[in-house]
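J.: My questions will all concern the structure given below.
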Amino acid sequence: MAPRKIIIDTDPGQDDAVAILLALASPEHIEVLGITAVAGNVPLTLTERNARIVCELAGRPDMQVFAGCDTPLSRALITAEHVHGKTGLDGPQLPDPVMPLQKGHAVDFIIDTLRNAPAGTVTLCPLGPLTNIATALERAPDIAAKVQEIALMGGAYFEVGNITPAAEFNIYVDPEAADIVFKSGIPITVMPLDVTHGALITAPRVAAFRAMGTQVGRMVAEWTDFFERFDKQKYGSAGAPLHDPCVIAYLIQPDLFSGRHVNVEVETTSPLTLGMTVADWWGVTDRAPNAMFMGDVQADAFFDLLTDRLARL
């Protein structure tokens, strides 16, 4: 089977960085057409920088990286330095990137790439707020037919929220964008907190990254050492959730995940539940299913895949 063509839309973030590395380490399964940066975990000037740093770490300075939207569609930007540090990639010291940022806008790149692709052949992989994706769909509705699938990290149901009591960070930052995406009619697969909270970076798993003896292994170990401190204190768990690599792992080995095809609506008005992903898990409404909402992950096999692939870099 030919590698799956994807665009990674991201706001790195240590876990975003690991997701990018996993994709670039898996050319037999994934062809990364480009990486588009969005404001989210940190402002856009840092997310586009961080994406280029990760590409260089992977030995891929040829990868196209584009800067996209620097604010949500209609709200002020909320960031997450309290989790990821002031740079978004706090932990190990990394040099500034040498590879260039592409001159075009990320939204234009998404639109042009999809318009030039056969129908149903490109998968969009948003790992942060959905601003770039929603803007592209609003500006060029014709591109929806070119998208094979949107596989995204965002939302929660049984695990409720991580930035508010009801909302997960990526959806909360730009709920209007998320609403557009979930109403697009494009096949959607969601990796919510319900899944990612089952993919915990424990001490033995960090040790496995460090034991690779490579720069990538050391960087991933140091990144995860840094950002897990917040979630371990918050949740009292043995490690921090490794959110974004779940999206890429699903494209490589989908049987690692299980869930239900259900209706998912995004709350955009309530001050109490703004950004909540209301998943009709039990089928109690007549709303048509619009997303595969994952609920479980085979964690040991997920980390086996991650460790095996990252060791290639």
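The values are calculated or read from the model by the stated rules, or taken from the named source; none is laboratory data. All values reported here derive from a predicted model rather than from experimental measurement. In this analysis, Cβ positions are derived from the backbone assuming ideal geometry, glycine residues included, and neighbour counts consider all displayed protein chains.
J.: Restricted to region 277-297, and to residues that are touching a Gly at 6+ places or on another chain (Cβ under 9 Å) and part of a loop (DSSP other than H, G, I, E, B), which residue is farthest from residue 74 (Cα to Cα)?
T.: So, considering only residues that are touching a Gly at 6+ places or on another chain (Cβ under 9 Å) and part of a loop (DSSP other than H, G, I, E, B), the one farthest from residue 74 (Cα to Cα) is 281.
J.: Residues that are within 12 Å of the chain's Cα centre (by Cα), at pLDDT 95 or above and not charged (D, E, K, R): does region 46-59 have at least one? Explain how you work it out, then say what you get.
T.: Pass one, region 46-59, residues within 12 Å of the chain's Cα centre (by Cα): none.
Within region 46-59, none of the residues are within 12 Å of the chain's Cα centre (by Cα), at pLDDT 95 or above and not charged (D, E, K, R).
J.: Next question, about the same structure. Scan region 131-144 and tell me whether some residue there is crowded, with 16+ Cβ neighbours inside 10 Å and acidic (Asp, Glu). Talk me through it step by step, then tell me what you get.
T.: Just the residues of region 131-144 that are crowded, with 16+ Cβ neighbours inside 10 Å, to begin with: 131-137, 140, 143.
Those left that are additionally acidic (Asp, Glu): none.
There is no residue in region 131-144 that is crowded, with 16+ Cβ neighbours inside 10 Å and acidic (Asp, Glu).
J.: For region 279-313, which positions are in contact (Cβ under 8 Å) with a residue 24 or more places away in the chain and farther than 30 Å from residue 57 by Cα?
T.: Let us first name the residues in region 279-313 that are in contact (Cβ under 8 Å) with a residue 24 or more places away in the chain, namely 279, 281, 287-299, 301-303, 305-307, 309-313.
Hits for region 279-313 are 279, 281, 287, 288, 289, 290, 291, 292, 293, 294, 295, 296.
J.: Please go through region 23-43 and pick out each residue that is among the aliphatic types (A, V, I, L, M), farther than 20 Å from residue 112 by Cβ and over 12 Å from the mean Cα position of the chain (by Cα).
T.: Answer for region 23-43, where residues must be among the aliphatic types (A, V, I, L, M), farther than 20 Å from residue 112 by Cβ and over 12 Å from the mean Cα position of the chain (by Cα): 24, 25, 30, 39, 42.
J.: Of the residues 10, 47, only one is touching a helix residue (DSSP H, G or I) at 6+ places or on another chain (Cβ under 9 Å), over 16 Å from residue 113 (Cβ atoms), buried (at least 18 other Cβ atoms within 10 Å of the Cβ) and in contact (Cβ under 8 Å) with a residue 60 or more places away in the chain; which? If you could, list the steps in order and put the result at the bottom.
T.: Details: 10 fails: over 16 Å from residue 113 (Cβ atoms).
Going through 10, 47 in turn, just one is touching a helix residue (DSSP H, G or I) at 6+ places or on another chain (Cβ under 9 Å), over 16 Å from residue 113 (Cβ atoms), buried (at least 18 other Cβ atoms within 10 Å of the Cβ) and in contact (Cβ under 8 Å) with a residue 60 or more places away in the chain: 47.
J.: If residue 155 passes every condition in (1) more than 18 Å from residue 20 (Cα to Cα); (2) surrounded by fewer than 24 Cβ atoms within 10 Å (Cβ to Cβ); (3) at pLDDT 95 or above; (4) in contact with a Phe, Trp or Tyr (Cβ under 9 Å, 6 or more places away or on another chain) but one, which one does it miss?
T.: Result: residue 155 passes all but (2).
J.: Right, here's the next one. Collect the residues in region 68-107 that are crowded, with 18+ Cβ neighbours inside 10 Å, modelled with pLDDT of 95 or more and outside any loop (DSSP other than H, G, I, E, B), keeping them in residue-number order.
T.: If the condition is that a residue be crowded, with 18+ Cβ neighbours inside 10 Å, modelled with pLDDT of 95 or more and outside any loop (DSSP other than H, G, I, E, B), then 106, 107 are the ones that fit.
J.: What residue, of 274, 251, is touching a helix residue (DSSP H, G or I) at 6+ places or on another chain (Cβ under 9 Å), in a loop (DSSP other than H, G, I, E, B) and either crowded, with 16+ Cβ neighbours inside 10 Å or aliphatic (A, V, I, L, M) (or both)?
T.: 274
J.: Return the total of residues in region 133-161 being under 13 Å from the mean Cα position of the chain (by Cα) and part of a helix (DSSP H, G or I).
T.: If we filter region 133-161 for residues that are under 13 Å from the mean Cα position of the chain (by Cα), which is where we start, we get 133, 150-155.
Subsequent filtering for residues that are part of a helix (DSSP H, G or I) retains 133.
Matching residues across region 133-161 total 1.
J.: Considering 30, 35, which residue is crowded, with 23+ Cβ neighbours inside 10 Å and over 24 Å from residue 167 (Cβ atoms)?
T.: Every option except 35 fails the conditions.
J.: Taking region 108-128 as the region of interest, how many residues are in contact (Cβ under 8 Å) with a residue 40 or more places away in the chain, part of a loop (DSSP other than H, G, I, E, B) and either in contact with a Phe, Trp or Tyr (Cβ under 8 Å, 6 or more places away or on another chain) or of a type in the set (A, V, I, L, M) (or both)?
T.: The total comes to 2.
J.: Can I ask one more? Within the set of pairs 6 or more residues apart or between chains, which connect a residue that is over 20 Å from residue 267 (Cβ atoms) inside region 175-201 to a residue that is of a type in the set (Lys, Arg) with Cβ atoms less than 7 Å apart?
T.: Matching pairs, first to second residue: none at all.
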